[in-house]
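Notes follow once the structure below has been shown.
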Amino acid sequence: MASDGKCFDVAIDHGFFNEYVFLDGIEDIRKAVSTVVEASPDAVQLTVGNAFALQSIPNRSKPTLVLRTDVANVYGKVLPRKTFNRLIEDPVEQAVRLDASCVVANLLLLPDEPALHEQCVENICRLKPMCDRAGMPLMIEPLVMQPNSKAGGYMVDGDINKIRALVRQAVELGADVIKADPCDDVTEYRRVIEVASGIPVLVRGGGKAPDEEILRRTHELMKQGAKGIVYGRNVIQHESPALMTRALMAVVHEDATPIQALLILKG
């Protein structure tokens, strides 16, 4: 979190999930991270294998590292016969070694996949005491997803009641930060903030969307009480990731309107 208690975390951990379509814009991980870092977001979300791309940059004022600690196989058009969400070994020890400021783990809710949800709960129950012992903040990512057959994984089920229930479960499991889905009607997002019970909520971006929609939605979410955003593909797959980062930072930290942010984006 920045000094104002808000955060823009750019997620560049998509290669972890073994889906080739997620690699657009991050084929050269050093270049992708360097481009984003130049625009000075608050944090960059990476995996153990690619954290070097951020931490090898010799700049004391660079964004902080958020370390992804689990890998899942649920994002393809067709679900595999066996789904999993696997926690990496010694996640907090690895995070400390990499000088991360936070770790993040999934709390997935897919239709007809109760065992996957149970595995996520077990992972978090293991991870929480490790984080507490090391003084490492834990970000939990409650994701309510549509059936994969509709359009592949990462498709948000925007039902606010499902999102509220899963966010509250993340809080009850000990989250220090929540990374949550947006709902269908973002003007109701204050109801999600309410059930988070004071735990800061960062809203994830989900699938690629038009610039105007992203900026307008982000502005409304901040008005509703979100403490920031975690966007990946809407930044790294943008034709100008640096300008999009600057535009979103203005919305998050300076309360820029969508029109003002669009002017930044257009340079």
Inset, instruction - Let me have the relative contact order for the chain, percent, based on Cα pairs under 8 Å that are six or more residues apart. - result: 19 percent
Legend entry - Kirkwood hydrodynamic radius of segment 102-190, Cα pairs, Å: 13.5 Å
Legend entry - Ranked packing of 18-24, 91-97, 43-49, most packed first, by mean Cβ within 10 Å: 43-49, 91-97, 18-24
Inset, instruction - Mind checking which of MET222, PRO182, VAL201 is farthest towards the positive end of segment 181-260's charge dipole, using Cβ charges of +1 (Lys, Arg) and -1 (Asp, Glu) about the Cα centre? - result: VAL201
Inset, instruction - Compute the relative contact order of segment 22-108 as a whole-number percentage, counting only Cα pairs closer than 8 Å that sit 6 or more residues apart in sequence. - result: 26 percent
Legend entry - Alpha-carbon Debye profile of segment 1-157, log10 I(q)/I(0) at 0.13, 0.18, 0.21 Å⁻¹: -0.63, -1.16, -1.41
Legend entry - Quotient of C-alpha Rg and 2.2 N^0.38 Å, computed over segment 128-267: 1.07
Inset, instruction - Taking the Cβ of ASP211 as the centre, find all other residues whose Cβ is under 14 Å away and add up their charges (Lys, Arg: +1; Asp, Glu: -1). - result: +3
Inset, instruction - Give the relative contact order (percent, whole number) for segment 54-159; include only Cα pairs under 8 Å separated by 6+ residues. - result: 29 percent
Legend entry - segment 1-84 - accessible surface per residue (Å², probe 1.4 Å): 49 Å²
Inset, instruction - Counting other Cβ atoms within 10 Å, keep those with at most 16, restrict to DSSP loop, and tell me which trypsin sites (Lys or Arg not before Pro) in segment 1-88 are left. - result: ARG60, LYS77, ARG81, LYS82
Legend entry - For segment 169-267, size of Cβ-based charge dipole, Lys and Arg +1, Asp and Glu -1, in debye: 240 debye
Inset, instruction - Please list 253-265, 158-170 highest first by mean number of surrounding beta-carbon atoms within 10 Å per residue. - result: 158-170, 253-265
Legend entry - Under 20 Å from LYS128, Cα to Cα: lysines that are on another chain or at least 8 residues apart: LYS179
Legend entry - Point-charge dipole on Cβ atoms (K/R +1, D/E -1) for the chain, about Cα centre, debye to 20: 160 debye
Legend entry - Share of carbon and sulfur in the accessible heavy-atom surface of the chain [1.4 Å probe, %]: 49 percent
Legend entry - Alpha-carbon spread of segment 35-110, three principal axes, descending order, Å: 45, 27, 18
Legend entry - Quotient of Cα Rg and 2.2 N^0.38 Å for the chain, N being how many residues it contains: 0.93
Legend entry - Neighbourhood charge, 12 Å Cβ-Cβ cut-off, centred on LEU116 and excluding it, Lys, Arg +1 and Asp, Glu -1: -3
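The values are calculated or read from the model by the stated rules, or taken from the named source; none is laboratory data. Quick caveat, the model's predicted, so the values are computed rather than measured. Cβ atoms come from the backbone with ideal geometry, glycine included; neighbour counts cover every protein chain shown. Accessible surface is based on the protein model in full, side chains and every heavy atom, while ligands, DNA and RNA are left aside. Shrake-Rupley method; radii C 1.70, N 1.55, O 1.52, S 1.80 Å.
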